[in-house]
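Worksheet for the structure shown next.
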Amino acid sequence: MPSGDRDRLLSEAVRLREVGRREEAREQLVALAAELPHDPEVAYQTAWVHDTLGLEAEAVPYYERALNGTGLSDDDRRGALLGLGSTYRILGRYEEAVATLERGTAEFPNDGGLKTFLAMALYNTGRTHDAMEMLLTLLVATSKDPEIAAYRPAIEEYAKDLDATMQ
């Protein structure tokens, strides 16, 4: 397929998703992904549209294909890692969610969205201390609330060990 056709078809499908015509977008993207099985951007957009339709299980192979390829922009790679990790979590595949989201936070250490979804997955695996530490650290780093800012040093210290008491 000529790249101009690919670009036009992909843009059209993304536009359909963005204006709420997700089922039409899904049909076009599935067909395009079948024709271009090694195109990570097409795979990512196909995964994304499945997620927007609540078809999480169907989204997984497209996310995996997108992440196994090369050529995604940083924004799309970050989105694919978050999307796949979140999708694994919603499907009850918690260990895979943690692994994917840890990979995402390693690649994009300043992304609060990845950290938030990782904290949820950590909670699901019983790693509640790690989840709380991550969320409290993110909260004090990103909050504009003056009351939280006033207690920042204390919150940061408590986040390291929520079970600690004064002796």
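The values are calculated or read from the model by the stated rules, or taken from the named source; none is laboratory data. Quick caveat: nothing in here was measured; it's all calculated off a predicted structure. No Cβ is skipped: glycine too gets one built from the backbone with ideal geometry, and neighbour counts run over all protein chains shown.
Any residue in segment 32-55 that is touching an Asp or Glu at 6+ places or on another chain (Cβ under 7 Å) and either within 19 Å of Arg6 (Cα to Cα) or of a type in the set (Val, Ile, Thr) (or both)?
The answer is yes; a qualifying residue exists.
Say whether the condition of being touching a helix residue (DSSP H, G or I) at 6+ places or on another chain (Cβ under 6 Å) and of a type in the set (D, E, K, R) is met by at least one residue in segment 23-36.
Yes, that holds for at least one residue.
Please specify each residue of segment 56-108 satisfying the condition of being of a type in the set (Gly, Ala, Ser) and within 18 Å of Gly126 (Cα to Cα).
The answer is Gly85, Ser86, Gly92, Ala97, Ala99.
Filter segment 1-51 down to residues that are without any contact (Cβ under 8 Å) to a residue 24 or more places away in the chain and surrounded by 19 or more Cβ atoms within 10 Å (Cβ to Cβ) and give me whichever is nearest to the chain's Cα centre (by Cα).
Thr46
Please tell me if Pro109 is within 19 Å of the chain's Cα centre (by Cα) and farther than 30 Å from Glu58 by Cβ.
yes
Quick one: which of Ala121, Ala149 is among the hydrophobic types (A, V, I, L, M, F, W, C), surrounded by 13 or more Cβ atoms within 10 Å (Cβ to Cβ) and either assigned to a helix (DSSP H, G or I) or at positive phi (or both)?
After applying the criteria, what remains is Ala121.
Quick one: count up the residues across segment 152-167 that are in a helix (DSSP H, G or I) and either touching a Phe, Trp or Tyr at 6+ places or on another chain (Cβ under 8 Å) or of a type in the set (Asp, Glu) (or both).
Number of matching residues: 2.
Please count how many residues of segment 124-146 are among the charged types (D, E, K, R) and exposed (fewer than 15 other Cβ atoms within 10 Å of the Cβ).
The qualifying residues number 2.
Being of a type in the set (Val, Ile, Thr) and outside any helix (DSSP H, G or I) is the filter here; which residues of segment 124-139 pass it?
Result: Thr125, single match.
Considering (1) surrounded by fewer than 22 Cβ atoms within 10 Å (Cβ to Cβ); (2) within 12 Å of the chain's Cα centre (by Cα), say which one Ala80 fails and leave the rest.
Checking Ala80 against (1) surrounded by fewer than 22 Cβ atoms within 10 Å (Cβ to Cβ); (2) within 12 Å of the chain's Cα centre (by Cα), the one that fails is (1).
If you take the residues in segment 57-69 that are more than 13 Å from Val30 (Cα to Cα) and surrounded by fewer than 20 Cβ atoms within 10 Å (Cβ to Cβ), which one is modelled with the lowest pLDDT?
Selected residue: Gly69.
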